[in-house]
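First comes the structure, then the notes that go with it.
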Amino acid sequence: MGTLVTIMICEPDKDDNAIRTAIDSAFKRISEIDEAMSTYNIESEVSRVNSMAGIKKVYVSDDTYAVVEKACEIAGKTDGAFDITVGPLVELWKKAAGEAGIGEYPPEKDSIAAALELVGVLDREKFEFDKEDDGKKYIHLKKKGMRIDLGGIAKGYAVDEAIKVLLKQGIENALVEAGGDIRAIGKQGFSKDWPVDVRHYAGFDRYFERLFIKDQSVATSSDYERGYVIGGVQYSHIIDPRTGEALPRLLSATVVAPDCLTADALATAVCVLGSEGWEKIKERFPRCARLLVCYDTDLKRALIPNE
Ligand code: AMP
Ligand code: MG
């Protein structure tokens, strides 16, 4: 997943070995998910789905299918701001930025238009997924060049699954974090809930907000660590699937949700939608809240519409 995963357990009365076993099992589950969904690994299920674009359907595991199914639901509810078929656009912008992330020219308008033709998770002419009578599940990218990218949602799913494993192993107080996507159960020692700081863009030692979460998830999408500079302009790694443009940089969205998959996908979507867009759709996501932080380019001013 190209990130660090941290598992914290607060069970002072439990045996060390039991805790170690629980942690090992949770990491094993995360690796399974990574192996299925990584686009860095050319043998992953998702890579196979992509390599068969325009050719044929590919049978996938319950994990990949579950994430894709959820991703489609969220695409619908965010009016297409979250779209896992953004792959061709992600590649286009990555190419323009080059290996070092610093490029000279943004993608040509024509190339963006051509890539946009290959995007549309809600368009059944382009994207299909279903269960067959015998229970086998498949994904079919119908046009050559299409690519799914689960980078905006798979980490959240992995965190949810890791928490499930921990619960099964009798752990009741824990926090799992994968690259800014967090889910916590129970409590942290004498502290009632788990404290989570939303970090300030300007440095590790500063934060905007301290949240306290319990049996909840919180995910942050931002370009703190990722993003490009092309032609002197800063761009985020998040793409607006409606225009094909990479978002302007210095943006960060934090979403609280009951489960981490939803928090992860929504944090990415809120970056695309902005405050106004989120206001229009937020009723569709009960028990979710967002904190959107926007920065001006010289980091001097921060606007924090909170709720
Ligand atoms: P996150 O860090 O969770 O916001 O995920 C960002 C990653 O999701 C990017 O690196 C892309 O791989 C992918 N992505 C970019 N834009 C979108 C989008 N609009 N919808 C879904 N996934 C996206
Ligand atoms: Mg995300």
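The values are calculated or read from the model by the stated rules, or taken from the named source; none is laboratory data. Quick caveat: nothing in here was measured; it's all calculated off a predicted structure. For neighbour counting, all protein chains shown are included, and Cβ atoms are generated from backbone atoms with ideal geometry for every residue, glycine included. Surface accessibility is based on the protein's heavy atoms, side chains included, excluding ligands, DNA and RNA. Shrake-Rupley method; radii C 1.70, N 1.55, O 1.52, S 1.80 Å.
Considering the conditions (1) without any contact (Cβ under 8 Å) to a residue 40 or more places away in the chain; (2) away from ligand 1 (no atom under 15 Å from the Cβ); (3) outside any loop (DSSP other than H, G, I, E, B), residue 13 is excluded by exactly one of them, (3). Could we say that residue 214 is farther than 30 Å from residue 117 by Cβ, more than 16 Å from ligand 1 (Cβ to nearest atom) and open to solvent by 30 Å² or more (accessible area, probe 1.4 Å) here? The answer is yes for residue 214.
The number of residues in the range 73-93 that are touching a helix residue (DSSP H, G or I) at 6+ places or on another chain (Cβ under 7 Å), under 18 Å from residue 277 (Cβ atoms) and within 11 Å of ligand 1 (Cβ to nearest atom) comes to 5. Please specify each residue of the range 246-255 satisfying the condition of being open to solvent by less than 20 Å² (accessible area, probe 1.4 Å) and within 16 Å of ligand 2 (Cβ to nearest atom). If the condition is that a residue be open to solvent by less than 20 Å² (accessible area, probe 1.4 Å) and within 16 Å of ligand 2 (Cβ to nearest atom), then 246, 247, 252, 253, 254, 255 are the ones that fit. Restricting attention to the range 225-245, the residues that are away from ligand 2 (no atom under 15 Å from the Cβ) and open to solvent by less than 10 Å² (accessible area, probe 1.4 Å) total 2.
The residues of the range 165-178 that are open to solvent by 30 Å² or more (accessible area, probe 1.4 Å) and within 16 Å of ligand 2 (Cβ to nearest atom) amount to a single one, 177. Annotation note: Cβ proximity below 8 Å between a residue of the range 92-114 that is surrounded by 11 or more Cβ atoms within 10 Å (Cβ to Cβ) and a residue that is of a type in the set (D, E, K, R) (sequence gap 6+ or interchain) occurs for 107/95; 112/245. For the range 146-164, a tally of residues being away from ligand 2 (no atom under 16 Å from the Cβ) and open to solvent by 30 Å² or more (accessible area, probe 1.4 Å) returns 2.
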